[in-house]
Amino acid sequence: MVLDSKIPSGAIETAWDRHRFSMKLVNPANRRKYTVIVVGSGLAGAAAAATLGEQGYNVLCYCFQDTPRRAHSIAAQGGINAAKNYQNDGDSIYRLFYDTVKGGDFRAREGNVYRLSQLSVNIIDQAVAQGVPFAREYGGLLANRSFGGAQVSRTFYARGQTGQQLLIGAYQALSRQIAAGRVKMFARTEMLDVVLVNGRAQGIVVRDLESGAISTAAADAVCLATGGYSNAFFLSTNAMGCNVTATWRAHRKGALFANPCFTQIHPTCIPASGAYQSKLTLMSESLRNDGRVWVPKNPADCAKSPKDIPEEDRDYYLERKYPSFGNLSPRDIASRAAKQVCDDGRGVGPAVEGARRGVYLDFADAIRRLGQKAISERYGNLFEMYERITGENPYETPMRMYPAPHYTMGGLWVDYNLESTIPGLFVAGEANFSDHGANRLGASALMQGLADGYFVLPFTLANYLAGVKAGAVTTSHPAFNDAATEVKASVQTLLSIKGSRTVDSFHRELGTLLWERCGMARNRAGLEDAIAKIPKIREEFWANVNVPGSGAELNQSLERAGRVADLLEFGELMCRDALAREESCGGHFREEHQDDGEAKRNDAEYSYAAAWEYAGAGKAPTLHKEPLTFNYVKPVTRSYK
Amino acid sequence: MKIVLNIWRQSTRSAKGAFERHELADVTEHMSFLEMLDVLNERLTAQGKEPVAFDHDCREGICGACGFMIDGQAHGPAVRTTVCQLHMRSFKDGDELCLEPFRAAAFPVVRDLMVDRSAFDRIVQAGGFISVNTGSAPEANSTPVGKDAADKAFDAAACIGCGACVASCPNASAMLFTSAKASHLGLLPHGLPERHDRAVRMVSQMDAEGFGHCSQHTECEAVCPKGIKVENIARLNRDYLFASLFHSPREGEADGGG
Ligand SMILES: Cc1cc2nc3c(=O)[nH]c(=O)nc-3n(C[C@H](O)[C@H](O)[C@H](O)COP(=O)(O)OP(=O)(O)OC[C@H]3O[C@@H](n4cnc5c(N)ncnc54)[C@H](O)[C@@H]3O)c2cc1C
Ligand code: FES
């Protein structure tokens, strides 16, 4: 299979403009005859559904929460990047493009990233016009901050609630289209399959989560904006409902899955406090601007109170190993360093299942230097949140932090038009693989979701629709009944096993294995071990899971069971991808490929996007490679020493 | 520690509900309230019983999915804390707690502790937006917004739509929710042109959904996990009054542009 990225040739600066001009338009009078399904109401989905509605298409939008306003995007804290250069500090579209390609460790497409950087400025205009209350200066203009080690201040933010405010903006735009009758919203409804007719995506199978009814819907095109798969690790910073089902089911129907092993681990999350832990809470990266990271030099000190460990017995390991970036070292580097010291037996905090997994983030120096008031102005709400969760007061005792899965760069393979390898199936936001390569920069996911939803899909989808006949396929086509029958059968199977283990126990088992074998550091033996074990867990799941209740009612265990069943297949693909990539890049660190602890990329052999094709249950998937070329940003080694 | 829970169980919207008693002997203070319910649910499942249904997603106090009454208090005893952020250190060994869904005519019970809050969505659909199509926005810094207005708008925009205000109001009024949205948008220059129209439309929808009237008990402000203030209600009342006296309503349904 040849993977055609459809990146326009010629100068990158004018590529998107030229591409837009070359695309076909749909006559305004004909638009309402076209139906588009948008699965997901996060930033990407809500923005796409609202905009397509405004343009006059007939949109059906789905989410599994009780209302579109609660999509996981709501939890983003830090901010959103845009190349506005309001601070006059040398930022530009080109610089944002350069930083994103480099930050992605040269595993993203230049063409996509350039377009993303261009569109970033329109997002801010749009959001402000919708009433998104970004932070402002006293003069009434928008404020910015620098984020995640960037040398320019290009991050727009809304206190610690940027995702919430942006999502509410998109939700309001969506609500307006719902009121206008152009978007029909289906909340508490989960998509369980895509329906293909003659190889094209023409609809979906859904389950009404309250009544349990399984039905189908037909459309002229389908867009998945269903978010990321960090919950493969069981414990992550993602909302509890995040899952891989929509993209995985599309994968099984023929959509290629790209770079599944590229996952981002965030260095500053509150460590697990016990075996009952259900999720992990992210603490903003901004804390590292003033906090110093350390662990005891001597493992024997780990159980002591930090107060009793004198300065000379502390190892400020980030400052020691990376003198120029120190506590502000990039996410992947800071995360791995924390793992290393804990693996050495120098982790702190209470032991959970036999191991202390935590490092101190200490504000004592900053408080001494700037005063408690200044620190509380900067981080007051974060400190409060920390205390609420841990019961410890960070003004008096250092915070404890540990890395946690946070974001997934991998996703369904899409071309420049955000179309997957299934014609008519588009993928937007975190669900696709497009723009972040092997590592995402802070404040760039919100940007990508909104760029895809507001400014890319509405054009590229129209171009697709212009080439197909409106309403050509309805749910009376036998493919719909077949797909629904298959979904019903698999739901029935889950319910009929009535074994002795809970769904969560399988999810935890898979998550722990992935975290150990395919988490912050990976190696051949570990990955091979995981690839051997996951099918066994899967087998036991299908023989011994206990899903109480029936399918004809609201059944949260059943919802989770379906998602875990998919994660059990997907987890194996993650490991296979990690095994096949014999290099270290971005969030993917192969222990065999390092120079004294530093990631060693292999551009000669691995400068490609790995796109996997499903080969059938229990069969090894097929790898396809989309070579990456760099005409503008010359690949260099990331060095933060 | 030991905790006894009396939990409302109701299998469907129309089924009759009843309290069910559960004892948990091994709760730790570091658990969140919802993690305690997870532990209970794992146990119920292992015993072949149906777990307790409750809404939740982010577990970080921001999505607004979670929420039920603990001993008659929405989200439980901790101030400005959603139930997903409530930790068991707020309770003591031997406590017996009563868990009930939010009660309001406009919030029908879906199952156990879950309610249907889609009425909130319909209030927003009635006018809780600024009519601006994608692509038609002017340069963001072309309209400066005074810091005071920006901050006040933000305070109102912090609402997470959990419904605790409704559940705590003796009249089951949705005025705090509705006024927070109306204030957020009305305080910003971008939302000014539709301010009065918005007030009328949102309040009419609120009434149509069967929410009660506000008689200024201010219980809503006390329980709001995000500290939304009742001054928003006064602002909405003023806008509504002004609109009913001087404003000619826009003809027909809100149009969706484009
Ligand atoms: C704690 C946290 C903080 C973050 N902070 C930042 C930040 O500061 N800046 C930044 O840029 N990024 C941040 N991110 C990342 C960013 O929030 C996400 O990548 C982004 O919001 C994803 O948006 P999305 O629209 O792609 O998907 P989501 O917001 O995850 O939405 C997915 C949607 O799909 C629906 N869905 C999924 N599966 C199905 C199905 N089978 N059927 C029906 N519906 C389905 C869901 O209901 C939901 O509506 C953060 C992430 C986390 C976890
Ligand atoms: S679960 Fe999101 S606010 Fe409680």
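Quick notes on this structure:
- Test result for B:A65, within 16 Å of ligand 1 (Cβ to nearest atom), small (G, A, S) and crowded, with 21+ Cβ neighbours inside 10 Å: yes
- Qualifying positions in the range A:283-302 - within 14 Å of another protein chain (Cβ to nearest Cβ) and either surrounded by fewer than 22 Cβ atoms within 10 Å (Cβ to Cβ) or part of a helix (DSSP H, G or I) (or both): A:S284
- Only one entry in B:E96, B:E100 is away from every other protein chain (no Cβ under 11 Å), surrounded by 18 or more Cβ atoms within 10 Å (Cβ to Cβ) and more than 30 Å from A:N122 (Cβ to Cβ), namely B:E100.
- Some residue of the range A:145-164 being small (G, A, S) and assigned to a helix (DSSP H, G or I): yes
- Residue in the range A:57-73 that is more than 16 Å from ligand 2 (Cβ to nearest atom) and within 10 Å of chain B (Cβ to nearest Cβ) present: yes
- In a residue-by-residue description of the range A:90-99, the property of being without any contact (Cβ under 8 Å) to a residue 40 or more places away in the chain, part of a loop (DSSP other than H, G, I, E, B) and more than 9 Å from every other protein chain (Cβ to nearest Cβ) applies to at least one position.
- When the range B:116-131 is filtered for residues that are open to solvent by less than 20 Å² (accessible area, probe 1.4 Å), part of a loop (DSSP other than H, G, I, E, B) and either more than 7 Å from chain A (Cβ to nearest Cβ) or of a type outside the set (K, R) (or both), the ones remaining, listed by number, are B:G128, B:F129, B:I130.
- Residue satisfying all of: in the range A:223-280; within 12 Å of another protein chain (Cβ to nearest Cβ) and more than 14 Å from ligand 1 (Cβ to nearest atom); most open to solvent (accessible area, probe 1.4 Å) among these: A:A275
- Filter result for A:K279 (without any contact (Cβ under 8 Å) to a residue 12 or more places away in the chain and either more than 16 Å from ligand 2 (Cβ to nearest atom) or more than 15 Å from the chain's Cα centre (by Cα) (or both)): no
- Filtering A:V128, A:V152, A:V183, A:V132 for residues that are more than 9 Å from chain B (Cβ to nearest Cβ) and more than 20 Å from the chain's Cα centre (by Cα) leaves a single hit, A:V152.
- Looking only at the range B:81-112, residues that are in contact with a helix residue (DSSP H, G or I) (Cβ under 9 Å, 6 or more places away or on another chain), away from ligand 1 (no atom under 16 Å from the Cβ) and in a loop (DSSP other than H, G, I, E, B) come to 9 in all.
Quick grid of which residues meet (1) away from ligand 2 (no atom under 16 Å from the Cβ); (2) at pLDDT below 95:
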position: A:R388; (1), (2): no, yes
position: A:G391; (1), (2): yes, yes
position: A:M399; (1), (2): yes, no
position: A:L412; (1), (2): yes, no
position: A:S420; (1), (2): yes, no
position: A:R440; (1), (2): yes, yes
position: A:A443; (1), (2): yes, yes
position: A:A451; (1), (2): yes, no
position: A:F455; (1), (2): yes, no
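- Screening B:D148 on (1) over 17 Å from A:G53 (Cβ atoms); (2) touching a Pro at 6+ places or on another chain (Cβ under 8 Å) shows it passes everything except condition (2).
- The single condition among (1) touching a residue at least 60 places away in the same chain (Cβ under 8 Å); (2) within 16 Å of ligand 2 (Cβ to nearest atom) that A:A466 does not satisfy is (2).
- Qualifying residue in the range A:552-567 (condition: of a type in the set (A, V, I, L, M, F, W, C), touching a residue at least 12 places away in the same chain (Cβ under 8 Å) and touching a Gly at 6+ places or on another chain (Cβ under 7 Å)): yes
- Hey, A:E377 farther than 25 Å from A:R357 by Cβ, of a type in the set (D, E) and modelled with pLDDT of 95 or more or not: no
- Residue within the range A:592-605 that is open to solvent by 60 Å² or more (accessible area, probe 1.4 Å), in contact with a helix residue (DSSP H, G or I) (Cβ under 6 Å, 6 or more places away or on another chain) and not acidic (D, E) present: no
- Pair list, Cβ < 6 Å and 6+ apart or interchain, from the range B:82-105 residues that are in the same structural domain as B:F33 (by TED's automatic domain parsing) to residues that are of a type in the set (V, I, T) and away from ligand 2 (no atom under 15 Å from the Cβ): B:M88/B:V27; B:D95/B:I3; B:E96/B:V4; B:L99/B:I7; B:P101/B:V109; B:A104/B:V166
- So B:G191, is it within 14 Å of chain A (Cβ to nearest Cβ), of a type in the set (G, A, S) and in contact (Cβ under 8 Å) with a residue 24 or more places away in the chain: yes
- Any hit, the range A:402-421, residues being open to solvent by less than 30 Å² (accessible area, probe 1.4 Å), within 14 Å of chain B (Cβ to nearest Cβ) and of a type outside the set (K, R): yes
The values are calculated or read from the model by the stated rules, or taken from the named source; none is laboratory data. All figures in this text were calculated on a predicted structure; none of them were measured in a lab. Cβ sites come from the backbone with ideal geometry, for glycine too, and all protein chains shown count toward neighbours. With ligands, DNA and RNA removed, areas are computed over all heavy atoms of the protein, side chains included. Shrake-Rupley method; radii C 1.70, N 1.55, O 1.52, S 1.80 Å.
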